[in-house]
1. One residue is enough: does region 38-57 have a residue meeting the conditions in the same structural domain as Ser141 (by TED's automatic domain parsing), touching a Ser or Thr at 6+ places or on another chain (Cβ under 7 Å), aliphatic (A, V, I, L, M) and within 24 Å of Ser172 (Cβ to Cβ)?
2. Could you list all residues from region 131-187 that are in the same structural domain as Arg29 (by TED's automatic domain parsing), in a helix (DSSP H, G or I), in contact (Cβ under 8 Å) with a residue 60 or more places away in the chain and not small (Gly, Ala, Ser)?
3. Determine if region 103-110 includes at least one residue that is more than 22 Å from the chain's Cα centre (by Cα), within 30 Å of Thr39 (Cα to Cα), not charged (D, E, K, R) and not in a helix (DSSP H, G or I).
4. Gly66 versus (1) touching a residue at least 12 places away in the same chain (Cβ under 8 Å); (2) more than 27 Å from Ile174 (Cβ to Cβ): which is the lone unmet condition?
5. Please find, within region 118-149, the residue that is nearest to Ser34 (Cα to Cα) out of those that are of a type in the set (D, E, K, R) and surrounded by 10 or more Cβ atoms within 10 Å (Cβ to Cβ).
6. When you scan region 12-71, how many residues do you find that are surrounded by fewer than 18 Cβ atoms within 10 Å (Cβ to Cβ), assigned to a loop (DSSP other than H, G, I, E, B) and among the small types (Gly, Ala, Ser)?
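The values are calculated or read from the model by the stated rules, or taken from the named source; none is laboratory data. As the structure is a computational prediction, the values presented were derived from the model and not from experiment. Counting neighbours? That spans all protein chains shown, and the Cβs are built from the backbone with ideal geometry, glycine included.
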Amino acid sequence: MIYLELLLAFLQVGAFSFGGAYGMIPVIRDMCLSNNWLTEEEILNFIAVAESTPGPIAVNMATFVGSSQAGIFGSLVATLGVVLPSFSIILLIASVMANLIKYQGVQAGLNGTKPVVVGLIIATGATMLVSLLFGVKNLDSQFAFDGKALFIFLLIVAVNMVYKRIKNKQLSPILSILFSALLGILLYGAL
C-alpha cells in the first residue's frame with residue numbers, strides 16, 4: 001500500500017538524517033530514485049520548488065513527493081513521516097534530558113556527525129550542478145551541456161559577489177531565486 005510505503009520511507013528520512021533539511025535531500029533523492037517514485041529531473045524540479053516556497057525544504061519535499069505518489073492524503077502521510085521523528089526526539093530532549101548536551105560523549109557524537117553532513121550537502125550540490133549543467137543523471141549518461149543553465153548560474157554567482165562587495169552583506173536568497181526564475185523564463189522561451 002503506497003500510504004504505508006510513504007510513511008515508512010519518510011519516517012526513515014526523518015529519523016536517520018542529520019544536519020537539517022539539506023542533509024535530508026540526498027536521502028530523499030536516493031529513496032525516490034530507488035522506489036521509482038521520481039526521475040532525477042523531477043527531483044531537481046521538486047528541490048527548486050521546495051526551496052522557493054515557504055517552509056522547511058524537507059517538509060516541502062515530503063509534501064511534494066507524497067502528493068505526486070498518492071494525492072493529498074499521500075502528502076499528509078509523507079509530511080507526517082518526515083516530521084514525526086524529529087518532533088518526538090526534540091520533545092523528549094526538551095522535556096526529559098535538557099542537560100544531556102553537557103556530556104562529553106554526546107558532544108563527541110554530534111561533532112562526529114558534522115563532517116558527514118557537510119559531505120552529504122557538498123555531494124548533493126555537486127550532483128545537482130553536474131546534472132543541471134551537463135545533463136549527467138547517472139554513470140551511463142551522455143553529456144548534454146546546457147549553456148543557458150551555466151549562464152544563469154554564473155550570472156547569479158557574479159551578482160551575489162558584486163552585491164556582497166558593494167553592500168557588505170549577502171543578497172537575499174529570495175531575490176536570487178526570483179532573478180534566476182526571471183532569467184529562466186527569458187532564456188528558455190516561456191515569454
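1. Within region 38-57 (the criterion being in the same structural domain as Ser141 (by TED's automatic domain parsing), touching a Ser or Thr at 6+ places or on another chain (Cβ under 7 Å), aliphatic (A, V, I, L, M) and within 24 Å of Ser172 (Cβ to Cβ)), the answer is yes, since at least one residue qualifies.
2. The answer is Leu132, and nothing else.
3. To start, the set of residues in region 103-110 that are more than 22 Å from the chain's Cα centre (by Cα) comprises 103-109.
Next, from what is left, pick out any that are within 30 Å of Thr39 (Cα to Cα): none.
Scanning region 103-110 turns up no residue that is more than 22 Å from the chain's Cα centre (by Cα), within 30 Å of Thr39 (Cα to Cα), not charged (D, E, K, R) and not in a helix (DSSP H, G or I).
4. (2)
5. Taking region 118-149 as the starting set, the residues that turn out to be of a type in the set (D, E, K, R) are 137, 140, 146, 148.
Now drop any that are not surrounded by 10 or more Cβ atoms within 10 Å (Cβ to Cβ), which leaves 137, 146, 148.
Numbers: Lys137: 14, Asp146: 26, Lys148: 30 Å.
Taking the candidates together, the pick is Lys137.
6. Residues flagged as surrounded by fewer than 18 Cβ atoms within 10 Å (Cβ to Cβ), assigned to a loop (DSSP other than H, G, I, E, B) and among the small types (Gly, Ala, Ser) within region 12-71 amount to 3.
So that you can scan it fast, the table gives a plain yes or no per residue for (1) surrounded by 11 or more Cβ atoms within 10 Å (Cβ to Cβ); (2) among the aromatic types (Phe, Trp, Tyr); (3) farther than 23 Å from Val49 by Cβ:
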| residue | (1), (2), (3) |
| --- | --- |
| Ile93 | yes, no, yes |
| Val116 | yes, no, yes |
| Lys169 | no, no, yes |
| Gly189 | no, no, no |
